[in-house]
C-alpha cells in the first residue's frame with residue numbers, strides 16, 4: 001500500500017508541476033495543449049504526448065483511466081487496511097473482556113487452589 005501511495009503522490013506531483021507551468025487566460029491549443037493563445041492550425045510545437053507535459057488529464061484518455069485506476073486501488077487498499085485494523089482492535093477488546101471477566105477470575109482462583117484436580121499435563125481440564 002505504501003508503494004501505491006507513493007506512486008499516486010508522484011503522479012499528482014508531476015501533474016501539478018505541469019499544470020503550474022501551463023497557466024494563463026489564453027486559449028488552449030488543440031495540438032500541444034498549451035495555453036499560449038494559438039490554435040491547432042497555427043501551432044508550431046509538437047503534439048502533446050503526455051498529461052505530464054501539459055498538466056491536463058482531460059486531453060489524455062488512457063492516462064486518465066490509469067490515474068483513476070491507481071486512485072481506486074489505493075483507496076481499496078486503505079479501506080482494507082482500516083478494516084483489518086478494526087478487526088484487530090475488536091479482537092483485542094474481546095480478549096481483554098474475557099480475561100478480566102468474573103467467571104475467568106473465579107476459575108483462576110480455583111485452579112490455583114486445587115491444581116491437581118483441575119490441571120493435567122500443564123493444561124486445564
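Count of segment 7-33 residues, restricted to those that are touching a helix residue (DSSP H, G or I) at 6+ places or on another chain (Cβ under 6 Å) and part of a loop (DSSP other than H, G, I, E, B), is 2. Residues of segment 51-73 that are under 22 Å from residue 30 (Cβ atoms) and either in contact (Cβ under 8 Å) with a residue 40 or more places away in the chain or surrounded by 14 or more Cβ atoms within 10 Å (Cβ to Cβ) (or both): 51, 52, 53, 54, 55, 56, 57, 59, 60, 63, 64, 67. Would it be correct to say that residue 77 is modelled with pLDDT of 85 or more, touching a helix residue (DSSP H, G or I) at 6+ places or on another chain (Cβ under 9 Å) and within 30 Å of residue 8 (Cβ to Cβ)? Here the answer is yes, as residue 77 does meet what is asked. The set of residues in segment 110-125 being in contact with a strand residue (DSSP E or B) (Cβ under 8 Å, 6 or more places away or on another chain) and at pLDDT 80 or above consists of 111 alone.
The values are calculated or read from the model by the stated rules, or taken from the named source; none is laboratory data. Note that the structure is a prediction, hence the values are computed from the model and not measured. Glycine also receives a Cβ, built like all others from the backbone with ideal geometry; neighbour counts cover every protein chain displayed.
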